[in-house]
Amino acid sequence: LVIEHFYPMQVIAVRRGQLVINIGSSGSHKTGDRYDIVIQEAFEDPQTGDVIFDEQVIGTATIGRISPSSTRAEPDNDSVNLEEIEEIIAENDEYYRVIMRKAQG
C-alpha cells in the first residue's frame, strides 16, 4: 500500500509483551504476517538539508489481533528489548521511532 511507504506502521505502545501498532484493518497486513522491528532515526544533512535515515533491525514480530484502529504483534523471541522500545516511544520524538517493515523471506 502506498500509504505505508510514506507513513510506515509505527509502534505506539507495548502492552503485556505485545507491540501496539498505529495501523489497523485498513493496512495491507494480515494475521500471521512477519515484520521486522526497526529503530529508525532521522538526521538533517547540514549541507543539503536532506533528511537521512539510519535504521537498525532489532528483531521480528508476528501480526496477531487486528482491530479497526490498531494492530497487536508478538515479538518472535525474547531477545527483543521491549524496555528500549518503550523508552523510544516515551521520548515522543518524530525523528526517533520504532517502525515495522515487512520481513524479507
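The values are calculated or read from the model by the stated rules, or taken from the named source; none is laboratory data. Everything numeric here is computed off the predicted structure, so don't read it as measured data. Glycine gets a Cβ as well: all are built from the backbone with ideal geometry, and neighbour counts include every protein chain shown. Heavy atoms of the whole protein, side chains included, go into the accessibility calculation; ligands, DNA and RNA do not. Shrake-Rupley method; radii C 1.70, N 1.55, O 1.52, S 1.80 Å.
Report in % the part of the accessible area of the chain that belongs to carbon and sulfur, leaving out ligands and nucleic acids; probe 1.4 Å. Walk me through the numbers before you get to the answer.
On the way: 3140 of 6730 Å².
Within the chain, the accessible surface is 47 percent carbon and sulfur.
With n ≥ 4 as the cut-off for DSSP H runs, can you work out [θ] at 222 nm for the chain, using -39500 (n - 2.57) per run divided by the number of residues, rounded to the nearest 500? Could the numbers behind the result be given before it?
On the way: 2 runs with 15 residues, N = 105.
Mean residue ellipticity, 222 nm, calculated: -3500 deg cm²/dmol.
Which order, highest average first, do 80-87, 21-28, 69-76 follow once you tally other Cβ atoms within 10 Å for each residue and take the mean per peptide? Working shown, then result.
Working: 80-87: 14.1, 21-28: 16.0, 69-76: 17.8.
The peptides rank, most packed first, as 69-76, 21-28, 80-87.
What are the extents of the Cα atoms of the chain along their three principal axes, in Å, largest first?
Ordered largest first, the chain gives principal extents of 44, 30, 27 Å.
What distance in nm lies between label points placed 7 Å from Cα along the C-beta direction at N77 and R101?
Calculated label separation equals 2.0 nm.
Would you calculate the separation in nanometres between label points at F43 and I12, each defined as 7 Å from the Cα along the Cα-to-beta-carbon direction?
Using points 7 Å along Cα→Cβ, the separation is 3.0 nm.
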